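Asks: Please read through the structure below; I'll follow up with questions.
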Amino acid sequence: MPVFAAAIFTSAFLLFWVQPLFSKMILPLLGGAPAVWNTAMMFFQLVLLAGYGYVHLLTRKVIRLRTQIAIHGAVVAIGLAFLPFALAPDLAPPSGGSPVVWLVGLLAVSVGWPFFALSASAPLLQAWFARTGHRSSTDPYFLYAASNAGSLLALLCFPLLLEPELTLAGQAGAWRAGYAGLLLFLVVTAVLVLRAKTAVAAVEHAAPAGTGWTQRLIWTLLAFVPSSLLLGVTTHITTDIASAPLFWVVPFALYLLTFIIAFARPLNPDWTLKAQAAGTVAVAAMTILLLAFGLGGSVLLTVGIHLSAFDLTGSFCTKRFDRN
């Protein structure tokens, strides 16, 4: 179990490190606009979803464990060919029109493949752990604790440690070393799974019987709301309140915190609903005072209220998903 936890931790740390790292690399090309981060976030979310879909297909359609390991091992190994990622000195966005398509293409060819490989690693490692016969293997989702810890640590380390102490090129080199280390972790976990006597059949963790499309639509909407708000609140704060590029990681960290809270389950759902309603009222009142009477609070107060309402809304949605 420690080996699987370490591999998942490493995968999550690298996953959440590369997002602010590469976004910071491309900022000078596009003037540091908040739209750069939002476009990058949109891209990373789509690739993350693609990685989860890949794991779903791999574990459902490919029965043999050795074949799964070989396929994913190749996917991760190919990612080394894209590292260390860097931008050409003469690279420039198109002079006319929106640069969104150009930016998405740049992200795809530069970090798309390694990011895809990382996004698939954590859920796939959980699926493999479920086949080890370990006493905790029937419910492998506790390994999300390692994933959440790695993700949050990466977001905290980037502005506080990595960005001040390392150049972007130095971070890219360190990231490549971490990626190579993850590949070694995957080799070790593959050996452990194949040596396990009970690694003969996949453990199914499908949706409960009788789950209809209405319920699935509710799940989708509950996931959509905080994801959409993440981009909205980040744009609003960095465009209309205070422009600070590294501040972009704060809403991202709070977004991750909603998942940590959901898996830890310390909050009462009814309390969460009341707190979310209070946060929404506070944002609405602040907006009315500003638009109707020109009364705006301090930057710290305004940002605090918006981020609190965002975090409470995300926590409410994840708790509702958990109850459903």
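Asks: Per residue of region 74-82, in order, report the coupling 6.51 cos²θ - 1.76 cosθ + 1.60 (Karplus, θ = phi - 60°) as ³J(HN,Hα) in whole Hz, putting x for Gly and Pro.
Replies: Running phi through 6.51 cos²θ - 1.76 cosθ + 1.60 with θ = phi - 60° gives 5, 4, 5, 5, 4, x, 4, 5, 8 Hz.
Asks: Another one. Show me 103-116, 298-311, 160-173 ranked by packing, highest mean number of other Cβ atoms within 10 Å first.
Replies: Working: 103-116: 19.2, 298-311: 16.8, 160-173: 13.9.
Order by mean packing, descending: 103-116, 298-311, 160-173.
Asks: Could you tell me how far the Cα centroid of region 148-193 sits from the Cα centroid of region 1-80, in Å?
Replies: When both Cα centres are located, 12 Å separates them.
Asks: Here is a further query. For the chain, calculate the relative contact order in percent as a whole number, restricting contacts to Cα pairs under 8 Å that are 6 or more residues apart.
Replies: Details: 319 pairs, mean separation 83.4, N = 324.
It rounds to 26 percent for the chain.
Asks: Same structure again: If we sort 183-196, 59-72, 34-47 on the protection proxy, mean other Cβ atoms within 10 Å, highest first, what's the order?
Replies: On the way: 183-196: 16.5, 59-72: 15.0, 34-47: 19.9.
So the peptides 183-196, 59-72, 34-47, ranked by packing, come out 34-47, 183-196, 59-72.
Asks: Quick check: net charge around I69, other residues with Cβ under 13 Å of its Cβ, Lys/Arg +1 and Asp/Glu -1?
Replies: Values: positive: R64, R66, R131, R195; negative: none.
That sum, taken over residues with Cβ under 13 Å, equals +4.
Asks: Then there's this: Grab the Cα-Cα distance for L80 and Y141, subtract it from 0.36 nm times how many residues apart they are, and report the gain in nm with one decimal. All intermediate terms of the calculation are to be shown ahead of the outcome.
Replies: On the way: separation 61, 0.36 × 61 = 21.96 nm, distance 2.84 nm.
Here the answer is 19.1 nm.
Asks: Further question: By how many nm would the segment from L300 to T220 grow when fully extended, if each residue of separation counts as 0.36 nm and the alpha-carbon distance is taken off? List each step's numbers first, then the result.
Replies: Values: separation 80, 0.36 × 80 = 28.80 nm, distance 3.31 nm.
That pair, L300 and T220, stretches by 25.5 nm at full extension.
Asks: Turning to a different aspect of this structure: With r as the distance between the Cβ atoms of V191 and T167 and R0 = 35 Å, compute the FRET efficiency 1/(1 + (r/R0)^6) and round to 0.05. Provide the component values of the computation, followed by the final result.
Replies: Numbers: r = 37 Å, r/R0 = 1.04.
It comes to 0.45.
Asks: Let me ask another. If you average 1/r over every pair of different alpha-carbon atoms in region 2-195 and take one over that average, what Kirkwood value in Å do you get?
Replies: Working: mean 1/r = 0.0572 Å⁻¹.
After inverting the pairwise mean of 1/r, the radius is 17.5 Å.
Asks: For the chain, what are the per-bin percents of Cα-Cα distances with bins 10 Å wide, up to the bin holding the maximum?
Replies: 5, 23, 31, 25, 12, 3, 0, 0
Asks: What is the calculated FRET efficiency for I288 to S227, with r their C-beta to C-beta distance and R₀ = 35 Å, to the nearest 0.05? Intermediate values should be presented prior to the final figure.
Replies: Working: r = 27 Å, r/R0 = 0.76.
So the FRET efficiency works out to roughly 0.85.
Asks: What ranking, highest mean first, results for peptides 51-58, 247-254, 152-159, 215-222 when packing means the other Cβ atoms within 10 Å averaged over each residue? It would help to have the intermediate numbers written out before the result.
Replies: Working: 51-58: 16.4, 247-254: 20.9, 152-159: 18.9, 215-222: 13.1.
Listed from highest to lowest mean packing, they are 247-254, 152-159, 51-58, 215-222.
Asks: Under a point-charge model restricted to the Cβ atoms of Lys and Arg (+1) and Asp and Glu (-1), what is the dipole moment magnitude of the chain relative to its Cα centre, in debye to the nearest 20? Kindly include the intermediate steps, with their values, before the conclusion.
Replies: Details: 16 positive and 9 negative charges, 243 e Å.
The calculated dipole for the chain is roughly 1160 debye.
Quick note: the coordinates plus some simple rules give every number you see, no bench work behind them. Bear in mind the structure is a predicted one, so any value in this text is a computation, not a measurement. FYI the Cβ positions are ideal-geometry reconstructions off the backbone, even for glycines, and counts take in every protein chain you see.
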